[in-house]
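First comes the structure, then the notes that go with it.
The values are calculated or read from the model by the stated rules, or taken from the named source; none is laboratory data. What you see is a predicted model; the values in this text were computed from it and never measured. Don't worry about glycine lacking a Cβ; one is built from the backbone with ideal geometry, like all the others, and counts go over all protein chains shown.
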């Protein structure tokens, strides 16, 4: 073998070895990704049963999107007073519901808003995403669409008796501008599955005693929930007007894109809003987040904001990082 032939042989052999090595590294990386435990994060302590059902869906072979839908559906039919048809009515005595869902693969999204009588608005939102070219349907149109697609619907007329009973317990029968809703929560649920795909959903009956037709952040993509399959996901709960005016869940995800941890991404979004908003830190907003690497966290203007975290190893209620004008950088959870 000539010197030139030997050199060519060694060069090709080295290149082939490098290619093989890179292929092995890629395969090993994929194997690690495939073996990642699923992660489910939701708002409030009442989100824990939803998380645990979502985990069962994943373990049964369902997708992250399936798990989000089923977890949120559980809360919509649980009797919760701020999610589903058991939620508090508006100023006309009617329960109007909002929901959205996002699927990381394909960056798909669907939502319904101001819809009456639909037992599972999260499922209606998914149908909007998968069966129409639209992202959002509202009011009677959303109700009609849900019914046409076989979802369970009920009489959406005002329940005057229960509403009068609720009004009697309130200091004010109809909150005015600037007032904060009482006992108003939202289920936002975000998931990272074993394949590294991300999905999220959000559902609420909204601000009790609200003006009929009022829509908060929950069905707004980038407000109630935002998912980026390359980065992570975030969800919001609290006073929707203070979330939707700043596309706040989108902000949280963008903060993670720039390298912030989930907790710090939530906290920074709140701090940024507070710098602009006349209310400062008196915002009544809270966020949860997870990133592509499997980290999670939360922060809120409510002291000790509870959120739920579930993996195959544990299912817990934790406390998010509290932020206020006097306390903006104190601890939190990852």
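Observations on the model:
- Pairs are defined by a Cβ separation below 8 Å, a sequence spacing of at least 6 or placement on different chains, a first member in region 214-231 that is free of Cβ contacts under 8 Å to residues at least 12 places away in the same chain and not assigned by TED's automatic domain parsing to the domain that holds residue 106, and a second member that is surrounded by fewer than 22 Cβ atoms within 10 Å (Cβ to Cβ) and assigned to a strand (DSSP E or B); no pair meets this definition.
- Residue within region 284-297 that is part of a loop (DSSP other than H, G, I, E, B), more than 18 Å from the chain's Cα centre (by Cα) and in the same structural domain as residue 192 (by TED's automatic domain parsing) present: no
- Within region 299-306, the presence of at least one residue that is part of a strand (DSSP E or B), modelled with pLDDT of 95 or more and crowded, with 20+ Cβ neighbours inside 10 Å is confirmed.
Every residue, every condition in (1) more than 20 Å from residue 320 (Cβ to Cβ); (2) under 15 Å from the mean Cα position of the chain (by Cα); (3) surrounded by fewer than 24 Cβ atoms within 10 Å (Cβ to Cβ), yes or no:
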site	(1), (2), (3)
219	yes, yes, no
228	yes, yes, yes
234	no, yes, no
261	no, no, yes
270	no, no, no
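- Qualifying residue in region 23-43 (condition: at pLDDT 95 or above, out of contact with any strand residue (DSSP E or B) (no Cβ under 7 Å at 6 or more places or on another chain) and part of a helix (DSSP H, G or I)): no
- Residues (modelled with pLDDT under 95 and in a strand (DSSP E or B)) located in region 176-213: none
- The set of residues in region 105-120 being touching a residue at least 60 places away in the same chain (Cβ under 8 Å) and in a loop (DSSP other than H, G, I, E, B) consists of 105, 107.
- Taking the criterion of being under 18 Å from residue 229 (Cβ atoms) and in a helix (DSSP H, G or I), the residues of region 252-277 that qualify are 252, 253, 254, 255, 256, 257, 262, 265.
- Criterion violated by residue 125 - all others in (1) part of a helix (DSSP H, G or I); (2) more than 22 Å from residue 214 (Cα to Cα) satisfied: (2)
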